[in-house]
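**Student:** I am attaching a structure below and will ask some questions about it afterwards.
Where a number appears in this text, it was derived from the coordinates with a stated rule and is not lab data. Every value quoted in this text rests on a predicted model; they were computed, and no experiment measured them. Neighbour counts run over all protein chains shown; Cβ positions are idealised from the backbone, glycine included.
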Ligand SMILES: [Zn+2]
Ligand SMILES: [Zn+2]
C-alpha cells in the first residue's frame, strides 16, 4: 500500500465517510443490504483467513473501513442488530468446518486400524503435548522476532520439558499396540481448523500448524462467534422482552436454517472443500 493509500485508510478508520475532502468516492450506507455486517463487526472470515491455505477470496459483500467507522459512531445512538447477521454468517461457516472435521475423522477411521478407547486416549495425550509444543514454539519465535530474547528463552526451556513428557507419552502409546499399527496410526484431525495432523510430526511442523495463520484464524473466528452469541442473547433480552426465550431460540434457529441453505453459503463451502 502506498503512503497515500495508507493515510486514506487510516482517516477512513478514524472518521468514517464524512471526513472532509472525500467527495470523490460514491458511497453506500452501512445499513445497505450489500454491506458485509460481519466486516462492520470486524469478524468476516474472508478477512481473517486471507492469505491462508483456506483463503476464501474476496467477500461478495462490501468491505469498507469508513463504513465500519460510520457504523461504530451510529451504533452508540441506535441498535442495528447486525450481531445477528454476523453470528449467522459465522455460525454456518463454523458448522461447515465442524462437518469437515467429522468427515475427515470418519475417513481416518475407515483407513486406520481400529483401536480401543484406552489406546486412543494414549494417542490423544501425545496429540495434546504436540499441540503444547507447537504453541510454545510459535510463541517463542514471535517473542524472539520482537526482541524479547529472555522470554523466548524461557519458553524454549518449557518446550524442552514438554518434549520429555511427550517422549514418555509416546512410549506408553507405542507399547500399547503392535509396531505395524503404531506406524499406521499417525494421523489426527485438528478440532479447531479440520486440518490433518501427523501424530509423529516434528517440531517445525507443529509450530507451523499451531502457530500458523490458518489455525489461529479459526480460533479467532470461533472466539468472535462466541462473543456474538453472548451479544445476541443480550439483544434478545433487551429488545424483545415480550417474547419467551424458547420462542427467541426458534426464531434464531429458523434464521440460521435459512442462512445455511442459501446459495451464497453453499458456494463458500464449495470453495472450502475444493480449494
Ligand atoms: Zn465479508
Ligand atoms: Zn488446526
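**Student:** Determine, for each peptide in 47-59, 213-225, 139-151, the mean count of other beta carbons within 10 angstrom over its residues, then list the peptides with the highest first.
**Tutor:** Ranking, from highest mean packing down: 213-225, 47-59, 139-151.
**Student:** Round to a whole angstrom and tell me the spacing of the C-alpha centers of the stretch 143-206 and the stretch 42-65.
**Tutor:** Here the two parts' Cα centres lie 31 Å apart.
**Student:** Here is a further query. What is the extension gain from residue 157 to residue 191, computed as 0.36 nm multiplied by their sequence separation minus the C-alpha to C-alpha distance, in nm to one decimal?
**Tutor:** Result for the pair: 9.5 nm of gain on full extension.
**Student:** Between residue 226 and residue 13, how many nm apart are label points set 7 Å from Cα along the C-beta direction?
**Tutor:** Simple spin-label model gives 2.6 nm for this pair.
**Student:** Right, something else. Quick check on the exposure proxy: order 210, 82 from fewest to most C-beta atoms within 10 angstrom.
**Tutor:** So the residues, fewest neighbours to most, are 82, 210.
**Student:** Determine, for each peptide in 190-200, 153-163, the mean count of other beta carbons within 10 angstrom over its residues, then list the peptides with the highest first.
**Tutor:** 190-200, 153-163
**Student:** Okay, next question. Evaluate E = 1/(1 + (r/R0)^6) for residue 164 and residue 72, where r is the Cβ-Cβ distance and R0 equals 45 Å; express this FRET efficiency to the nearest 0.05.
**Tutor:** 0.35
**Student:** What nm value, rounded to one decimal, do you get for the distance between residue 33 and residue 181 when each label is placed 7 Å out toward the C-beta?
**Tutor:** Using points 7 Å along Cα→Cβ, the separation is 5.8 nm.
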